[in-house]
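This report concerns only the one structure given below.
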Amino acid sequence: MRIVAGVHGGRRIAAPPGDTTRPTSDRVREALFSILGPLHDARVLDLYAGSGALGLEALSRGASHAVLVEKDRRALTVLRANVEALGLGPQAAEVRAGDAGRVARTALDDAEAYDLVFLDPPYRLAAGLGAALGPVLAGLLAPGARVVTESDRRDPMGLELPLTQERRYGDTLIRIHTSA
């Protein structure tokens, strides 16, 4: 796996071992970031970060800060190593260990706001997460913010946020929502 473009473009990042984490392919990331366009100074929340590929790509492309959330210990070890390998300090990339829903609720309590949120949970969980995360996410979104969900096309994540774009890449479904 590699960072596709930006200041870290071409740099390799590691993927967690095993099959519990499914990193977003380079091809899908390249297409997604082409759709998203410039990310100058964006604040990013990457829930279910895994290797950190989405959040790290956003930083490489101009985002100012990314919070990368992961619960799995093996993935967390790889995520931290990827952040360190890219030379990103805590002012740019902040790794938070724990359950995505709990971390999101804490961020809401702390009045944090994000311009871009990535939701790429394990595909088997995606369909059931939208209802639980939607209300919390709504409170975390800055004006004009976007939420990107990645799921299996047969079992998509539903969010009660305006859907602006939807793209399919094989069995992967990418949806882009905006703040209400």
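The values are calculated or read from the model by the stated rules, or taken from the named source; none is laboratory data. As the structure is a computational prediction, the values presented were derived from the model and not from experiment. Note: ideal-geometry Cβ built from the backbone for every residue, glycine included; neighbour counts use all protein chains shown.
Within the set ALA138, ALA66, ALA81, the sole residue that is farther than 22 Å from ARG168 by Cβ and touching a residue at least 60 places away in the same chain (Cβ under 8 Å) turns out to be ALA81.
It is to be established whether one or more residues within segment 128-138 are more than 23 Å from ARG22 (Cα to Cα) and in contact with a helix residue (DSSP H, G or I) (Cβ under 6 Å, 6 or more places away or on another chain). The answer is yes; a qualifying residue exists.
Of everything in segment 156-180, what is among the polar types (S, T, N, Q) and outside any strand (DSSP E or B)? Give them in sequence order. The one that is among the polar types (S, T, N, Q) and outside any strand (DSSP E or B): SER179.
So, in segment 18-44, of the ones that are assigned to a loop (DSSP other than H, G, I, E, B) and β-branched (Val, Ile, Thr), which residue ends up surrounded by the fewest Cβ atoms within 10 Å (Cβ to Cβ)? Within segment 18-44, the match that is surrounded by the fewest Cβ atoms within 10 Å (Cβ to Cβ) is THR20.
Of all the residues in segment 16-34, those that are over 15 Å from the mean Cα position of the chain (by Cα) and closer than 16 Å to ASN82 by Cα number 2. Filtering segment 140-157 down to residues that are among the small types (Gly, Ala, Ser) and more than 18 Å from GLY101 (Cβ to Cβ), which residue is surrounded by the most Cβ atoms within 10 Å (Cβ to Cβ)? The residue in question is ALA145. GLY62 meets all of the listed conditions (1) buried (at least 21 other Cβ atoms within 10 Å of the Cβ); (2) out of contact with any strand residue (DSSP E or B) (no Cβ under 9 Å at 6 or more places or on another chain) but one, namely (1). Got a sec? Which of ALA75, ALA15 is among the hydrophobic types (A, V, I, L, M, F, W, C), at pLDDT below 95, surrounded by 21 or more Cβ atoms within 10 Å (Cβ to Cβ) and more than 20 Å from ARG175 (Cα to Cα)? Going through ALA75, ALA15 in turn, the sole match is ALA75.
Being out of contact with any Gly (no Cβ under 6 Å at 6 or more places or on another chain) and either hydrophobic (A, V, I, L, M, F, W, C) or not in a loop (DSSP other than H, G, I, E, B) (or both) is a description that applies to PRO135. Taking the numbered list (1) surrounded by 18 or more Cβ atoms within 10 Å (Cβ to Cβ); (2) closer than 18 Å to LEU140 by Cβ in turn, ASN82 passes all entries but (2).
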